[in-house]
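Inspection log for the structure reproduced underneath, given as structure tokens.
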Amino acid sequence: MRIDILTLFPNMFKGFLEESIIKRAMEAKKVVINIIDFRKYSTLKHQKVDDTPYGGGAGMVLMCEPIVKAIEDNKTDDTLVILLTPQGKTYNQQKAEELKGHQHIMLICGHYEGFDERILNFVDEEVSIGDYVLTGGEIPAMAITDSVVRLIDGVINDASAQNESFHDNLLDYPTYTKPSNFRGLKVPDVLMSGNHAKINDYRYQEQVKKTKENRPDLMEKNDEN
Ligand code: 6GU
């Protein structure tokens, strides 16, 4: 799989690409991640990429030309082009699974007040990572890349991908490790029982309890099924 990230702040991705699971996935050639500085596609003085909005208003707007040129220069016939914006459709685990099925995705990070709306003619979809505003699309690009790469076969072991939160619209069950007693806080007896049927039942009950408590919206999705 190939992921291209178009950004004005390539340095923000350094730590992200150079640590842990993402680094290992790249080394194992499970994924190619290209960080592309779209400022280099500007043909204006000082490589300008933004200007003031028509009609007035605060801030600067990203211009069509450098972004569209960057898209055209890097896309192929099977590229899915995604614009990262708080106006997009909300990202979730199901979307991560869907993106994993693509050969090539391109993530475009915005900044400032937003994009010239005409850029939408050159992208396939708009995606947001939630109902809050960030200063740019770089953190969303990292969040999406991370969530997709960890799903690629062989990147993390399959069992942990199967049992994780949001699989079947349930949050994950609680886990414990040594010591069995930490300042009087004890690990539930059932986990020490060695009875795997009981352990599985306990874990499922805990998943339901936690989901009802923290995410009643997910619980309703389950009731619909
Ligand atoms: Cl994709 N971009 C920005 N700037 N803010 C966001 C977002 C994206 N998703 C949630 N907030």
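The values are calculated or read from the model by the stated rules, or taken from the named source; none is laboratory data. Worth saying up front: this structure is predicted, and the values here are computed from it rather than measured. Note: ideal-geometry Cβ built from the backbone for every residue, glycine included; neighbour counts use all protein chains shown. Accessible surface is based on the protein model in full, side chains and every heavy atom, while ligands, DNA and RNA are left aside. Shrake-Rupley method; radii C 1.70, N 1.55, O 1.52, S 1.80 Å.
Probing with 1.4 Å while keeping every protein chain in the model, the per residue accessible area of the range 115-204 equals 65 Å².
The angle between the Cα long axis of helix 138-149 and the main principal axis of the chain comes to about 50°, on a 0 to 90 degree scale. The value of relative contact order for the range 129-225, using C-alpha pairs under 8 Å at least six residues apart, is 25 percent. Classify the chain as rounded, prolate or oblate from the Cα gyration tensor: take a ≥ b ≥ c as the square roots of its eigenvalues, call it rounded if a/c is under 1.5, otherwise prolate when a/b beats b/c and oblate if not. Since a/c reaches 1.5 and a/b is larger than b/c, the shape of the chain is classed as prolate.
Between the helical axis of 196-214 and the longest alpha-carbon principal axis of the chain there is an angle of about 50 degrees.
Share of carbon and sulfur in the accessible area of the range 1-104 stands at 50%, probe radius 1.4 Å. H111: net charge of surrounding residues, Cβ under 14 Å, Lys/Arg +1, Asp/Glu -1, itself excluded? Once positives and negatives cancel, what remains is -4.
Sum -39500 (n - 2.57) across every DSSP H segment of at least 4 residues in the chain, then divide by the residue count to get the 222 nm mean residue ellipticity, nearest 500. Present the calculation step by step, with values, prior to reporting the outcome.
Numbers: 8 runs with 76 residues, N = 225.
Roughly -9500 deg cm²/dmol at 222 nm, from the helical runs in the chain.
Rounded to the nearest 5, the antiparallel percentage of DSSP beta bridges internal to the range 7-108 is 25%. Amide H of G114 versus every other amide H placed in the peptide plane: which residues, excluding those fewer than 5 positions away on the same chain, fall under 5 Å? Residues meeting the amide H criterion: L62. Computed over neighbours whose Cβ is under 13 Å from that of P86, the net charge equals -2, Lys and Arg +1, Asp and Glu -1.
Could you work out the local net charge near T52, counting Lys and Arg as +1, Asp and Glu as -1, over the other residues with Cβ closer than 14 Å to its Cβ? Walk me through the numbers on the way to the answer.
Details: positive: K48; negative: D50, D51, E113, D116.
Local charge sum for T52: -3.
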